[in-house]
Structure formats: C-alpha cells, structure tokens
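Everything below concerns the one structure shown next.
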Ligand code: CA
C-alpha cells in the first residue's frame, strides 16, 4: 500500500501548488493529469487518499469516483469549480468523503486532507476504548467526545450517560437504568438529577451536531440515542 496522496488535476500549476503544500506537511504525493489513468493507478498503488478534480481529460471525476468505489474505500475528496455542483454530487451519493469548491486555498485543502484521514483512520483503529455512533465519537480512555469531528467538553456524568447510550443506540433507557449506569457507587440521586444531566448533554450535542436532535426523550419512560 502506497502512502501517497494522489492529486488528480489537469491544471499543472494548481497540481504543483497542492503538491507543494502537501509536501510541506510531510505527505508523499503523486500527480496524474488525465482521468483515464486514475482507476488503474489506484488499483495498483492503493494511495492513502485521492484528491480528485471533476473536469478532466479522458474520463471525468464522477465516473472515476464510481469506478474506484467498486473496489476500494480509499478516501476521496472531490474538487469542483462550481458551488452548485456540490449539491448535485451529494445527491448522486458517489461515496466521496468530502467536496471542495474552487478556487480554494491550498491550506484549506491540506486541512481537509488531514481531517478526512483522521476520520478514516480513527474508524479503522482497533483500540477498543473507541466508540462511534453516527457523528459521535467517544474515546473512553481519554474522556474524549467529538461530534462532527469537533471536540465537545462533557462532565464525567454526561460522558458516562452518552457512553451508555452510544453502546446501545436505539435502546430506551429508563432514568433508573441511567442512574445505575452513571453512578457506579450507587449513590441515590433523584430522577430530576438525571433529567438535568441529560438536558445539559442534549444541549451540548445539539450545539455541535449538524444532524439535529441525537437524544430523544420517550415520554414517561426515559431516553434513547437515535
Ligand atoms: Ca479540471
């Protein structure tokens, strides 16, 4: 497996600019300037990530993305000259990991590359203290919570509540159950206390999340993570 970031871009100056910025951050790179070379190259070299321009001679980015996804989950960031194009691409569900609109700052591209790699490599990690549910990522060993890749500061109690729910998404937890899961020392707390912790947790998650309400309250019963 190659460690290279593959830059597929037919404008040489743009390709070189991206290459310079990526190299500065210690990434290996490779440039291809024709669309019809890409799929074979990816199959042979298994790059770490593909930066894929949409309009290319030989074969367009759309077709390339489809063909790559037939055999590989390599992270793909699509680059397009038109903002409107991004909505259309999203609708096609090509399986790209991110989209960038031109003109972009090369710095922004490098930041997106780092972000996508971090996300992908985090999911792959075997560390059993890592838990992921939808856009929530939890690392129990570090009390780390991230929503949409951004860190959310939680209290210990809030973290334990979320951890319990992330472990069993969709399960409805009664206040009693949550109390026992959260307060391991069997301290007696009122249902109201649990409610207020859940309320704070929901607010923090909602502030950070692009996916709307993540924790739902089931009237008269308890809570669940949707
Ligand atoms: Ca182009």
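Each value in this text was obtained by applying a stated rule to the coordinates, not by laboratory testing. On a predicted model such as this, the values are computed, not experimentally measured, just so you know. FYI the Cβ positions are ideal-geometry reconstructions off the backbone, even for glycines, and counts take in every protein chain you see.
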Worksheet item: How many percent of DSSP beta bridges within the chain run antiparallel, rounded to 5?
Response: 50
Fill in: Within the chain, helix-based [θ] at 222 nm, where runs of 4 or more DSSP H residues each add -39,500 (n - 2.57), nearest 500
-13500 deg cm²/dmol
Worksheet entry | Fewest-first sequence of 83, 165, 179 by Cβ atoms within 10 Å of each Cβ | 83, 179, 165
Worksheet, complete the sentence: Fraction of alpha-carbon pairs in the chain farther than 25 Å apart, rounded to whole percent, equals 51
Discussion item. Between residue 176 and residue 90, what is the label-point separation in nm under the 7 Å Cα-to-beta-carbon projection?
Written reply: 4.4
Discussion item. Give me the three principal axis extents of the stretch 130-225 from the C-alpha atoms, as integers in angstrom, largest value leading.
Written reply: 35, 29, 20
Worksheet, complete the sentence: FRET efficiency for residue 216 and residue 82 from the Cβ-Cβ distance with R0 = 35 Å, rounded to 0.05, comes out at 0.40
Worksheet item: In units of 2.2 N^0.38 Å, what is the alpha-carbon radius of gyration of the stretch 5-121?
Response: 0.95
Worksheet item: What FRET efficiency, computed as 1/(1 + (r/R0)^6) with R0 = 30 Å and r the Cβ-Cβ distance, is obtained for residue 28 and residue 71, rounded to the nearest 0.05?
Response: 0.85
Worksheet item: If we sort 69-79, 142-152 on the protection proxy, mean other Cβ atoms within 10 Å, highest first, what's the order?
Response: 69-79, 142-152
